[in-house]
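K.L.:
The structure is given below, and queries will be raised subsequently.
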Amino acid sequence: MQNTREKTIKNLLICGAGNGMHTVIPVVLGRLDYRLRIYTPFEEEASRLKSQFETKGGIRLNGILSGEPCAPDFVTTDPSKAARDADMVLMVLPAFAHGSVMRDLAPHLKNDVIVGAMPARSGLEYQICSILEDSGLTGFTVFGLQTLPWACRIQEFGASVEVLGVKEAVGLASIPREQSSFLAPFFTELLDLPIFPMNNMLELSLANVGQIIHPGIMYGLFRNYSGKPFSDSSIPLFYNGVTEEIANVLEALSDEIMKLKKMLQSLLDESVSFDHVLPVKKWLLDSYADKIENDSTLSSAFKTNRAYCGLKAPVRKLENNAYIPDFQSRYLTEDVPTGLVVTAGLARLVNVKTPVIDQVVSEVSRWMGKDYLSEGTLGGENIEETRVPQNFGIHNYFELRAFISR
Ligand code: NAI
């Protein structure tokens, strides 16, 4: 793998056809001159996009961003056409789709391609490096962004998207590590908002605060669930519903991650830092300082955060306007196998005990119909679907250290 590279990026491949893709296309093409193509493995999505682009001329930004309709050069379901001459691949997908999409594309990518995801979630680096290496690539860069910079919703598929919010700044980390100092300014220009370099991709994984908040609140809200459906008005509030008891769970999850951070910091080279891995309360107060009315406790900070006002727990609608908790929600399907379980795997590499993480993972994965942890080990039958480093040949601290210093 090359250590440093500043290359010209002309051909950009975006993977995905959802809210995020609908926002990236007009944000980039409304201001900059890139050759940009879209890959989706789904024929139905691709043909709808093509016909919409022909009739509507492209995707228009609405809401707090605006601009003329913009369309990419082409949309394809053919991985070899999508990957041909691509300098950079940006996956704007739920994390559970990263692996399959990258396996489609990898045989057709060039050796020095730059591949990343927005958002990365946890453990992206082990999975993507492994897939690219299996295809014989040696000169690639892998990167991840902390989050999608926009809260956005498709208004009309292939024609318009509403942007409801824009993050003030988003972190980016890469392998090789030093490439983030080239990629962060590149993305700052590309996305028209501040993207700052993070120290390393392990920091990005551990700083994924969604792994604490989403499974932690789901666990707290539903661990004593009776099975009785909710009416429309009795669906629990999600963030604003964080009781003292749920806040204790979140704090315990966060404490275990901070212990892991401390251990990693003491073992790894001092140039490897984890400054963006924050306790959950500090993260909440830093992110929403001006929106929180009462910050005296973690529970009161969640309950009085205006940014979260009225957001309800994920539910599935039954007949007769009855609702049950949705245990296939992304709060679990992304934040457990590509979040909390990755942290549990990392902790095992450096002998940090994670009893609360293990408890939350065991309980919510049972609701999801998955089995990740078995009697405190990574022996559950679905562990191979996760991004624990152990799935990608990293079985001890020395192998982790070698991976980070690539
Ligand atoms: P979306 O649900 O709108 O888009 C999903 C797209 O992913 C689909 O159009 C499809 O092309 C693709 N996809 C889904 N399953 C797939 C599979 N198994 N294989 C291949 N492709 C598959 O998602 P959205 O909203 O664009 O979100 C992308 C990521 O950003 C997710 O991780 C989401 O959690 C995150 N995010 C989204 C926010 C938003 O406001 N939309 C805000 C913050 C984060």
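K.L.:
For segment 214-279, with equal point scatterers placed on the C-alpha atoms only and solvent neglected, what are the log10 I(q)/I(0) values from the Debye formula at q = 0.18 1/Å, to two decimals?
P.N.:
Normalising to I(0) and taking log10 leaves -0.75.
K.L.:
Here's a follow-up. What per residue convex hull volume, in Å³, comes out for the chain when only alpha-carbon positions are used?
P.N.:
Residue-normalised Cα hull volume stands at 143 Å³.
K.L.:
So, one more: Among Leu206, Leu378, Leu32, which comes first, then next, by fewest other beta-carbon atoms within 10 Å?
P.N.:
Leu32, Leu378, Leu206
K.L.:
Name the residue farthest towards the positive end of the dipole of the chain from the options Trp367, Pro337, Ile25, assuming +1 on Cβ of Lys and Arg, -1 on Cβ of Asp and Glu, about the Cα centre.
P.N.:
Positive-most Cα among the choices belongs to Ile25.
K.L.:
Can you give the longest stretch of the chain with no exposed loop site, where a site means GluC sites (Glu not before Pro) in a DSSP loop (not H, G, I, E or B) with at most 14 other C-beta atoms within 10 Å?
P.N.:
7-167
K.L.:
Given axes a ≥ b ≥ c from the Cα gyration tensor, I'd like to know whether segment 1-75 is rounded (a/c under 1.5), prolate (a/b larger than b/c) or oblate.
P.N.:
oblate
K.L.:
Calculate, in nm to one decimal, what Ser231 and Lys282 gain on full extension: separation in residues at 0.36 nm each, minus their alpha carbon distance.
P.N.:
Here the segment from Ser231 to Lys282 would lengthen by 14.9 nm.
K.L.:
What is the local net charge at Asp326, summed over the other residues whose Cβ is closer than 10 Å to its Cβ (Lys, Arg +1; Asp, Glu -1)?
P.N.:
Net charge in that neighbourhood comes out at +3.
K.L.:
Dipole of segment 208-404, Cα-centred, from +1 at each Lys and Arg C-beta and -1 at each Asp and Glu C-beta, to the nearest 20 debye?
P.N.:
240
K.L.:
Sort His22, His214, His98 so the one with the fewest other Cβ atoms within 10 Å of its own Cβ comes first.
P.N.:
Fewest to most other Cβ atoms nearby, the residues stand as His214, His98, His22.
K.L.:
Can you give the relative contact order of segment 208-404 as a percent, counting alpha carbon pairs under 8 Å and 6+ residues apart?
P.N.:
Taking the mean separation of contacting Cα pairs over the length of segment 208-404, I get 26 percent.
K.L.:
OK, next. FRET efficiency for Asp33 and Asp275, Cβ-Cβ distance as r, R0 = 41 Å, nearest 0.05?
P.N.:
The calculated FRET efficiency here is 0.70.
K.L.:
Answer with one residue from Leu172, Tyr225, Val350: the one whose Cα lies farthest towards the positive end of the charge dipole of the chain, charges on Cβ with Lys, Arg +1 and Asp, Glu -1.
P.N.:
Selected residue: Tyr225.
K.L.:
Are there trypsin sites (Lys or Arg not before Pro) in segment 237-275 that DSSP marks as loop and that have at most 11 other Cβ atoms within 10 Å, and which are they?
P.N.:
Passing both the DSSP loop test and the Cβ count: no residue.
K.L.:
Where does the chain land at 222 nm, in deg cm²/dmol rounded to the nearest 500, when only DSSP H runs of n ≥ 4 count, each adding -39500 (n - 2.57), divided by all residues?
P.N.:
After summing the helix terms and dividing by residue count, I get -11000 deg cm²/dmol.
K.L.:
What is the projected area of the convex hull of the Cα atoms of segment 180-290, averaged over all directions, in nm²?
P.N.:
10.0
K.L.:
Starting from the Cα gyration tensor of segment 6-198, take the square roots of the eigenvalues, sort them a ≥ b ≥ c, and report rounded, prolate or oblate (rounded when a/c is under 1.5, otherwise prolate if a/b is larger than b/c, else oblate).
P.N.:
Taking the square roots of the gyration eigenvalues as a ≥ b ≥ c, segment 6-198 is oblate.
K.L.:
With +1 assigned to the C-beta of every Lys and Arg and -1 to the C-beta of every Asp and Glu, and no other charges, what is the dipole magnitude of the chain about the Cα centre in debye, to the nearest 20?
P.N.:
The calculated dipole for the chain is roughly 240 debye.
K.L.:
Okay, moving on. Amide H to amide H under 5 Å from Ala86: which residues, 5+ apart in sequence or cross-chain, H placed 1.01 Å off N in plane?
P.N.:
Lys110
K.L.:
For a 26 Å ceiling on Cα separation, which of these pairs sit above it: Lys167/Lys317; Lys281/Lys353; Lys228/Lys312; Lys262/Lys282?
P.N.:
Long pairs (Cα-Cα over 26 Å): Lys167/Lys317.
K.L.:
In addition: Using the Cα centre of the chain as origin and beta-carbon charges of +1 (Lys, Arg) and -1 (Asp, Glu), tell me which of Ala207, Ala151, Leu268 is placed farthest towards the positive end of the dipole.
P.N.:
Of Ala207, Ala151, Leu268, it is Ala151.
K.L.:
To make sure I understand, if each residue's beta carbon is the centre and we count other beta carbons within 10 Å, what order do Cys15, Cys309, Cys129 fall in, fewest to most?
P.N.:
Cys309, Cys129, Cys15
K.L.:
Here's something else I'd like to know. Just tell me the longest site-free run in the chain, where the sites are chymotrypsin sites (Phe, Trp or Tyr not before Pro) in a DSSP loop having at most 13 other beta-carbon atoms within 10 Å.
P.N.:
Of all site-free stretches, the longest is 43-224.
K.L.:
Note down the relative contact order for segment 6-198 as a percent, whole number, built from C-alpha pairs under 8 angstrom at least six residues apart.
P.N.:
The normalised contact order for segment 6-198 reaches 22 percent.
K.L.:
Can you classify segment 208-404 as rounded, prolate or oblate using the Cα gyration tensor, where a ≥ b ≥ c are the square roots of its eigenvalues, rounded means a/c under 1.5, and otherwise it's prolate if a/b beats b/c and oblate if not?
P.N.:
It comes out oblate by the Cα gyration axes.
K.L.:
Contact order normalised by length for the chain, with contacts defined as Cα pairs under 8 Å and 6 or more residues apart; what percent is it?
P.N.:
15
Here, each number is a calculation from the coordinates, and none is a lab measurement. Just so you know, these numbers come straight off a predicted model, no measurement behind them. No Cβ is skipped: glycine too gets one built from the backbone with ideal geometry, and neighbour counts run over all protein chains shown.
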